[in-house]
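Asker: My questions all concern the structure below.
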There are 2 protein chains.
Amino acid sequence: MMTDEQLREQLKQKGLKITPQRVAIYRAVMKLKNHPTAENIIEHIKLNYPNISIGTVYKVLDSLVENQLLKKVKNEKDVMRYDAIIHQHHHLYCIETERIEDYDDPDLDKLITKYFKQKKIKGFKVKDITLQINGEFKIK
Amino acid sequence: MMTDEQLREQLKQKGLKITPQRVAIYRAVMKLKNHPTAENIIEHIKLNYPNISIGTVYKVLDSLVENQLLKKVKNEKDVMRYDAIIHQHHHLYCIETERIEDYDDPDLDKLITKYFKQKKIKGFKVKDITLQINGEFKIK
DNA sequence: TTCGCCAAAGATAATAATTCTCATTTAGAA
DNA sequence: TTCTAAATGAGAATTATTATCTTTGGCGAA
């Protein structure tokens, strides 16, 4: 887990002012697994910042996304979710429950990178690829 | 392009009543390329059905999605978009402009299918995979 | 072909997520 | 420490979508 110091450093490098709200929100997204919604984040933050404004949370999330410290994750059904950018990974979507889990697979990444190195898409420059693996979590 | 007759047949097979609104909406999504938003669809429909209710459009889109005649696609930024289901395909997302284009690549599909036939994800049953290929459309 | 039922459409209110506005505060450079 | 642009807070506004309720009409059965 990232220390507070590292986290502040990240903000600083992007030229963002280090405010307690930003630190708290950034930290919250890192801490809250499973791709929190803005609502999840607000709820969590409110424990320590009962007076934080919802607008602020949205603004901070936006600025973190703009500065590539967070990613927005789309969900076919409903609300936008956020995801700390730590490393390249894919998503398992449960069609039934809408649960999202991260899925790491360096072999797969290698395979796909190799594929697109050889096969160009004309008129389009590929930056990165995320797989949306749809299916169902098996009952345990 | 699908004829009106084929299109009605599709609705019928799903046990949906064939109403002029449904036909028009289904047709509109097929016609409007590039993953129209509900708004795009409404705008288009209004030309022939100036009095159609927005709620109806949403309801029809929902029922078409439920019956797997359409798919919902959500872009990274905000709004829901709709996509006629014709066959398996992926999406090219332009990071700059949010433009979405379809991308077909049977070779790629084969490669990935083969990969996941051999490599199982424990606790998860894969149904289908969509690639989100992020990048930029080159200027022409 | 007509009848009658129930799904579907229309109108509009309600809700939910997100954005905007603007007054106030504050981080951090000078 | 001071100053200023940037950030925050509060709450109104906007936008997309859903819900409710009444009316209409598709279509199976008589």
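The values are calculated or read from the model by the stated rules, or taken from the named source; none is laboratory data. Because the structure is a prediction, the values reported are computed rather than measured. Quick reminder, even Gly has a Cβ in these numbers, built from the backbone with ideal geometry, and neighbours come from all protein chains shown. Just the protein is used for accessible areas: all its heavy atoms, side chains included, with ligands, DNA and RNA removed. Shrake-Rupley method; radii C 1.70, N 1.55, O 1.52, S 1.80 Å.
Asker: Place the label 7 angstrom along Cα→C-beta at A:GLN21 and in each other copy, then list the distances from the first to the rest in nm, shortest first.
Answerer: 4.3
Asker: Roughly how many debye, to the nearest 20, is the charge dipole of the range A:4-84 about its Cα centre, given +1 on each Lys and Arg Cβ, -1 on each Asp and Glu Cβ, and no other charges? Mind showing how you got there, number by number?
Answerer: On the way: 15 positive and 10 negative charges, 23 e Å.
Rounded to the nearest 20 debye, it is 100 debye.
Asker: Out of the total accessible area of chain A (probe 1.4 Å, heavy atoms of protein only), what percent is carbon and sulfur?
Answerer: The computed percentage sits at 52.
Asker: Quick one: work out the % antiparallel among DSSP beta bridges in chain B, nearest 5.
Answerer: Working: 10 of 14 bridges.
Bridges in chain B are about 70 percent antiparallel.
Asker: At B:THR3 and A:ASP107, where each label point lies 7 Å from the Cα along Cα→Cβ, what is the point-to-point distance in nanometres?
Answerer: With each label placed 7 Å out from Cα toward Cβ, I get 5.0 nm.
Asker: Related question: What number comes out for accessible area per residue over the protein assembly as shown if the probe is 1.4 Å? Units Å², please.
Answerer: Numbers: 16560 Å² over 280 residues.
I get 59 Å² per residue for the protein assembly as shown.
Asker: Assuming R0 = 45 Å, can you tell me the calculated FRET efficiency for the pair A:GLN68 and B:LYS31, based on Cβ-Cβ distance, to the nearest 0.05?
Answerer: 0.75
Asker: Take every residue in peptide A:117-125, count the Cβ atoms of other chains within 10 Å of its Cβ, and give the average of those counts. Mind showing how you got there, number by number?
Answerer: Values: counts 0, 0, 3, 0, 8, 1, 7, 10, 6.
That average works out to 4.
Asker: Moving to a separate point now. From the helices alone, meaning DSSP H stretches of at least four residues, give me the mean residue ellipticity at 222 nm for chain A, per-run term -39500 (n - 2.57), in deg cm²/dmol to the nearest 500. Numbers along the way, then the final one.
Answerer: Working: 5 runs with 59 residues, N = 140.
The helix-only estimate for chain A comes to -13000 deg cm²/dmol at 222 nm.
Asker: Mind giving me the FRET efficiency for A:THR19 and B:GLU96? R0 is 35 Å, r the Cβ-Cβ distance, nearest 0.05 is fine. Walk me through the numbers on the way to the answer.
Answerer: Working: r = 29 Å, r/R0 = 0.82.
For R0 = 35 Å, the calculated efficiency reads 0.75.
Asker: Over chain B, what is the relative contact order in percent, taking alpha-carbon pairs closer than 8 angstrom and at least six residues apart? Walk me through the intermediate numbers first.
Answerer: On the way: 134 pairs, mean separation 26.5, N = 140.
Across chain B, relative contact order equals 19 percent.
Asker: Which entries in the list A:LYS14/B:LYS71; B:LYS71/B:LYS119; A:LYS120/B:LYS59; A:LYS59/B:LYS33; A:LYS31/B:LYS117 go over 31 Å, if you measure between the two C-alpha atoms of each? List each step's numbers first, then the result.
Answerer: Values: A:LYS14/B:LYS71 38 Å; B:LYS71/B:LYS119 27 Å; A:LYS120/B:LYS59 40 Å; A:LYS59/B:LYS33 33 Å; A:LYS31/B:LYS117 34 Å.
As for pairs spanning more than 31 Å Cα to Cα, those are A:LYS14/B:LYS71; A:LYS120/B:LYS59; A:LYS59/B:LYS33; A:LYS31/B:LYS117.
Asker: Cα axis of helix A:20-31 to longest principal axis of chain A: angle in degrees, 0 to 90, nearest 10?
Answerer: Computed tilt is about 40 degrees.
Asker: Still on this model: Over both sides of the B-A contact, add up the buried accessible area with a 1.4 Å probe and give it to the nearest 100 Å².
Answerer: Details: alone 10010 and 10040 Å², together 16560 Å².
By this definition, chains B and A bury close to 3500 Å².
Asker: I need the inter-copy label distances for A:TYR103: point set 7 Å along Cα to C-beta, values in nm with one decimal, smallest first.
Answerer: List, nearest first: 1.8 nm.
Asker: What is the average number of partner chain Cβ atoms found within 10 Å of a Cβ in A:106-115?
Answerer: Working: counts 0, 2, 4, 0, 0, 4, 6, 0, 1, 5.
Per-residue shielding by partner chains comes out at 2.
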